[in-house]
Amino acid sequence: QVQLVESGGGLVQAGDSLRLSCESSGRTYNVTWLRLAPGKEREFVATTTWPGDSTDYAYSVRGRFTISRDQAKNSVYLQMNSLRPEDTAVYYCAATSTPTVSSWDSWGRGTQVTVSS
């Protein structure tokens, strides 16, 4: 396992942008952003996989959010543009810490994103 720390959340208005960071204490392989809104189930947002850094997005964020990785900084980012009130949630990153683990073995504590209309 590695330790993951999310940052970059905040209160913004609809249409604004935020950049979330997920900093790891060590090397990560597959890294996924998820979110949890009050009264809703946890939702997949975006993922980047190893090797090759291929990406995938939830339909609801495709074209607005971009996931990227800086391996040298052990960090994964989520650039969120054109934010909507329905994007309000606690955003978490989850990761695999070895190339052979198929499910997440590391989780962050989350960062709150609130989008006002």
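The values are calculated or read from the model by the stated rules, or taken from the named source; none is laboratory data. All figures in this text were calculated on a predicted structure; none of them were measured in a lab. Because the Cβ atoms are built from the backbone with ideal geometry, glycine has one as well, and the counts that use them run over all protein chains shown. Protein only, heavy atoms only, side chains kept; ligands, DNA and RNA dropped before computing areas. Shrake-Rupley method; radii C 1.70, N 1.55, O 1.52, S 1.80 Å.
See the values below:
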item: Cα pair distances exceeding 25 angstrom across the chain, given as percent; result: 16 percent
item: List Arg84, Arg62, ordered by accessible area with a 1.4 Å probe, largest first; result: Arg62, Arg84
item: Neighbourhood charge, 9 Å Cβ-Cβ cut-off, centred on Asp87 and excluding it, Lys, Arg +1 and Asp, Glu -1; result: +2
item: Probe 1.4 Å, all protein chains present, accessible-area order of Glu6, Glu41, largest first; result: Glu41, Glu6
item: Electrostatic dipole magnitude of the chain [Cβ: Lys, Arg +1; Asp, Glu -1; Cα centre; debye, to 20]; result: 60 debye
item: Accessible surface of the stretch 6-90 [probe 1.4 Å, protein heavy atoms]: carbon and sulfur percent; result: 47 percent
item: Approximate spin-label separation Glu43-Asp70, in nm, with each point projected 7 Å along Cα-to-Cβ; result: 2.8 nm
item: Sequence-separation-based contact order of the stretch 1-80, relative, with Cα cut under 8 Å and 6+ spacing, percent; result: 29 percent
